[in-house]
Each structure stands twice: as C-alpha cells, then as structure tokens.
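> The structure follows.
Since every read-out is calculated from the coordinates, none of them should be taken as a lab result. For clarity, every value in this text was computed on a predicted model and none was experimentally measured. For neighbour counting, all protein chains shown are included, and Cβ atoms are generated from backbone atoms with ideal geometry for every residue, glycine included.
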Ligand code: NAD
Ligand code: DAU
C-alpha cells in the first residue's frame, strides 16, 4: 500500500512511520507543516525508498487533493495537540483540527480513499477517581478544553462524512502516549528533561489527576490493525490499562533518575483540568485480536528516560522556549 500519513513528523505520527517501516512493506508519504511540534529529525535514518516527505499544510486543499490522488490509504495524525497551548491561543486548533480534517474529508470523498482518523480519549470528558466505568465507543462526548473540543468536532465531521457521503473511514480514540520523539512541552518528557537540566519537575495542582498511559509503539500497532482489519464507520478505543496519577509518575521518574522521590514542585493548576481518563479497549482486543506489548510501565519509562538522555540534540533546541512559555503561565 501507498500510505499518506499526515502529521508524520510529530510524536505519535513519527512513531507510526517507524513502526510501518519495521513491520510492513507499505510505502509512506508524510505530509507535515513542521509547526513548532514537527521535527524532521524524528524521521532520520528511515530508508528513502520507503518514506518520502512533503512539507505542507492539511488545510491546503489543492496539495491535499494531489497527494490523495497518489495514495491508497490515509492515516490522519496532524493536529494541534497540546491542551496548555489551546488555553493560551485556541485559533490554530480550529484551523488545523477542524478545517484541516474537513479538507481531508472532502478529498477522501472525491477520491473514494480509505481514511483512518486519529483522535483522543479527551473527547469523552473526565471521570471521577472512584468511577468504576471506563470510556467506551458509546460514552457521550463531553470535551473540556479548546483542544479536546476541536478534536471532538473533527470526530463528528468524520462520522457525518461516513454517513452522508459514504466516506470509507474508521476512527480511534487513544489515551495518553509516552515514548521517544515526544515534544518537551508534554508531561513526561518535560520532567525527564528538567531532571537532566537540574530543574525541579513541576506538578500541576495536587497531582492527583489520572492518565491512562500507553507506549506510542502500542498505539501504532493498534492503528495498523484498524487500518488493515477494522470495520468501516467504526470507532475503536485504544488503551493499555495504564492508569497512574501524576504524582506517582513524577516520583517514579525521579527515582529512576537517581533523585529523591520528593524533589519536585507543585505549581498552579491547569484551567479546567480533566481529573481522570480511563479506556476500555475490549472492542479492539476482541474484534481485532490486538494486545499491547509494553505491559510494564516502569520498564517503558526507563527506556524513555534513556532515549532522552541519549538524544539531547533532538530536544535541546525546544527546551528553553518551552520553559519560558510555562514560566509566563505560572506552570
Ligand atoms: P504532535 O503535536 O507531537 O504532532 C503533531 C504534528 O502535526 C506535528 O508534526 C505538526 O507539525 C503537524 N501539524 C500540525 N498542524 C498541521 C497542519 N495544519 N498541517 C500539517 N501538519 C500539521 O502531536 P501528537 O502528540 O503526536 O498527536 C498526534 C495525533 O494523535 C493528534 O491527532 C492527537 O490529537 C492524537 N492523540 C495524541 C495523544 C497523545 O498522548 N499525545 C493521545 C491520543 C491521541
Ligand atoms: O489523553 C490523550 C491526550 O493526552 C492527547 O489527546 C493530548 O494530545 C496529549 O497532549 C495528552 O493530553 P494531557 O493534557 O493529558 O497531556 P499533558 O502531557 O499535557 O499532561 C499530562 C498530565 O500531567 C495532565 O494531568 C497535566 C499534568 N502536567 C502536565 C505538565 C506539562 C503536570 O502536572 N505538569 C506539567 O508540567
């Protein structure tokens, strides 16, 4: 297959491209605008006869139309992805997540091309800490932030284009990813690189918020399974039973990096901060036979810490600007 991967120079998209090259014969064309979050170095070392790169924007209808004409299937990762940025300036989230997805859907309709849309568990809002329910594909949408509301909008557009125009699409909503190539603005890489730089890790509020962690490579294998065997029009939730509160994660990072477990600071909380996400991935596991390979969070985190220690040239250029942004917002 000739796959077009939008946002393939970002964190999860680049992990997916590496996964596809390692596990399939597909050819990949990456379409990426190289925003502050995109990095060509995340694709370094991949064979030129398997991966090509197009620098462009998913809102550029002419370019998108041209690229859809050359592909057999599209996997759509491109997005503005960071909640804190969406609170500071929502506009780019509307442009990329809503108009960008609309642009792809119109091209998918014209070319009758198979599309997989990547989304997030945040569209379902949040859960109480003691709620026995987890998110499923029938949980009502209830997004909290500008980021998650634009992702929810994009999901609804995909569903409408499936129903009204017969677009051959699937959707997936995944929980929090960790692993290599994640921007230092995000929770885990921010704390790891803080410790490397002798800055104390920063925990929002009391740190009791729970995220359901999954390794990015497990997300990739799930997306490939859905692309190859998923039922058209269906939504699959992707998660690896990795619920942990933020305080536990920070303490584990500090311990794994040889520091005192309490050597972190509490900082001001995020506005509208979702309390807990939790995914029930039974449908994906039962229907497509998917299982995650990174069951041991501590081992996956230790490998991720090693990756950031060994790849300072990849993350260092973004570190100072990221910390300056947080300092202005009291984080
Ligand atoms: P990221 O911010 O690391 O990467 C986004 C990529 O998209 C970057 O390479 C950027 O340059 C590109 N991009 C942004 N706007 C673009 C545009 N208009 N045109 C073309 N390219 C553009 O994001 P990520 O964390 O890798 O997330 C990827 C996708 O996965 C997103 O759709 C996100 O909503 C979803 N998701 C993320 C997580 C997570 O934990 N990070 C979990 C579930 C779902
Ligand atoms: O659930 C999936 C979502 O996970 C994706 O859709 C988003 O694209 C992705 O960014 C992520 O969203 P979160 O807001 O959960 O991730 P973030 O890494 O920003 O924060 C994780 C948790 O850590 C959250 O509760 C806020 C907290 N936090 C974050 C930072 C940056 C801190 O306590 N300190 C920090 O410095």
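> Given the conditions (1) over 20 Å from the mean Cα position of the chain (by Cα); (2) without any contact (Cβ under 8 Å) to a residue 24 or more places away in the chain, which single one is not true for residue 291?
So residue 291 meets the others, but not (1).
> Return yes or no: is residue 41 in contact with a helix residue (DSSP H, G or I) (Cβ under 7 Å, 6 or more places away or on another chain), buried (at least 24 other Cβ atoms within 10 Å of the Cβ) and over 21 Å from residue 228 (Cβ atoms)?
The answer is no for residue 41.
> Inside region 231-251, can you point out the residues that are out of contact with any helix residue (DSSP H, G or I) (no Cβ under 6 Å at 6 or more places or on another chain), touching a residue at least 60 places away in the same chain (Cβ under 8 Å) and within 16 Å of ligand 1 (Cβ to nearest atom)?
Hits for region 231-251 are 235, 237, 239, 249.
> Would you mind telling me which numbered condition in (1) more than 14 Å from ligand 1 (Cβ to nearest atom); (2) surrounded by fewer than 18 Cβ atoms within 10 Å (Cβ to Cβ); (3) under 17 Å from residue 6 (Cβ atoms) residue 95 fails?
Result: residue 95 fails condition (1) only.
> Could you list, in sequence order, the residues of region 100-129 that are within 11 Å of ligand 1 (Cβ to nearest atom) and either surrounded by fewer than 17 Cβ atoms within 10 Å (Cβ to Cβ) or closer than 30 Å to residue 245 by Cβ (or both)?
117, 118, 119, 120, 121, 122, 123
> Another question, if that's okay. Sort out for me the helices (runs of 4 or more DSSP H) sitting completely within region 1-92 that have 1 or more residues that are under 20 Å from the mean Cα position of the chain (by Cα), more than 16 Å from ligand 2 (Cβ to nearest atom) and closer than 25 Å to residue 189 by Cα.
Numbers: elements: 11-23, 61-68, 83-88.
Where helices (runs of 4 or more DSSP H) fall fully within region 1-92 and carry at least 1 residues being under 20 Å from the mean Cα position of the chain (by Cα), more than 16 Å from ligand 2 (Cβ to nearest atom) and closer than 25 Å to residue 189 by Cα, they are 11-23.
> Report every pair of residues separated by at least 6 positions or lying on different chains whose Cβ atoms are under 6 Å apart, first residue within region 26-42 and more than 19 Å from residue 60 (Cβ to Cβ), second part of a helix (DSSP H, G or I) and away from ligand 2 (no atom under 16 Å from the Cβ).
What qualifies is 26/20; 28/17; 28/20; 41/314.
> Moving on. Of all residues in region 305-321, count the ones that are surrounded by 15 or more Cβ atoms within 10 Å (Cβ to Cβ) and in contact with a helix residue (DSSP H, G or I) (Cβ under 8 Å, 6 or more places away or on another chain). Can you show your working first?
Of all residues in region 305-321, those surrounded by 15 or more Cβ atoms within 10 Å (Cβ to Cβ) come to 305, 307-308, 314-315, 318-319.
Subsequent filtering for residues that are in contact with a helix residue (DSSP H, G or I) (Cβ under 8 Å, 6 or more places away or on another chain) retains 305, 308, 314-315, 319.
Number satisfying all stated conditions: 5.
> Additional query: Quick check on this structure: which one of 249, 210, 184 is out of contact with any strand residue (DSSP E or B) (no Cβ under 6 Å at 6 or more places or on another chain), farther than 22 Å from residue 318 by Cα and near ligand 2 (Cβ under 10 Å from one of its atoms)?
Only one candidate passes the filter, namely 249.
> Give the residue, chosen from 263, 222, 160, that is surrounded by 24 or more Cβ atoms within 10 Å (Cβ to Cβ) and over 17 Å from residue 82 (Cα atoms). Steps first, please.
Working: 263 fails: surrounded by 24 or more Cβ atoms within 10 Å (Cβ to Cβ); 160 fails: surrounded by 24 or more Cβ atoms within 10 Å (Cβ to Cβ).
Only one candidate qualifies: 222.
> Which one is farthest from ligand 1 (Cβ to nearest atom) among residues in region 156-181 that are touching a strand residue (DSSP E or B) at 6+ places or on another chain (Cβ under 9 Å) and farther than 27 Å from residue 134 by Cα?
Checked region 156-181; the qualifying residue farthest from ligand 1 (Cβ to nearest atom) is 168.
> Which ones in region 252-298 are within 21 Å of residue 137 (Cβ to Cβ), touching a helix residue (DSSP H, G or I) at 6+ places or on another chain (Cβ under 7 Å) and part of a loop (DSSP other than H, G, I, E, B)?
274, 277, 290, 291, 292
> Given (1) buried (at least 17 other Cβ atoms within 10 Å of the Cβ); (2) in contact with a helix residue (DSSP H, G or I) (Cβ under 9 Å, 6 or more places away or on another chain), identify the lone condition not met by residue 302.
Exception for residue 302: condition (1).
> Okay, next question. Can residue 148 be described as more than 11 Å from ligand 1 (Cβ to nearest atom) and in contact (Cβ under 8 Å) with a residue 24 or more places away in the chain?
Considered against the rule, which asks whether it is more than 11 Å from ligand 1 (Cβ to nearest atom) and in contact (Cβ under 8 Å) with a residue 24 or more places away in the chain, residue 148 comes out as no.
> What about residue 138, is it loosely packed, with under 15 Cβ neighbours inside 10 Å and under 18 Å from residue 159 (Cβ atoms)?
For residue 138, the condition - loosely packed, with under 15 Cβ neighbours inside 10 Å and under 18 Å from residue 159 (Cβ atoms) - is met.
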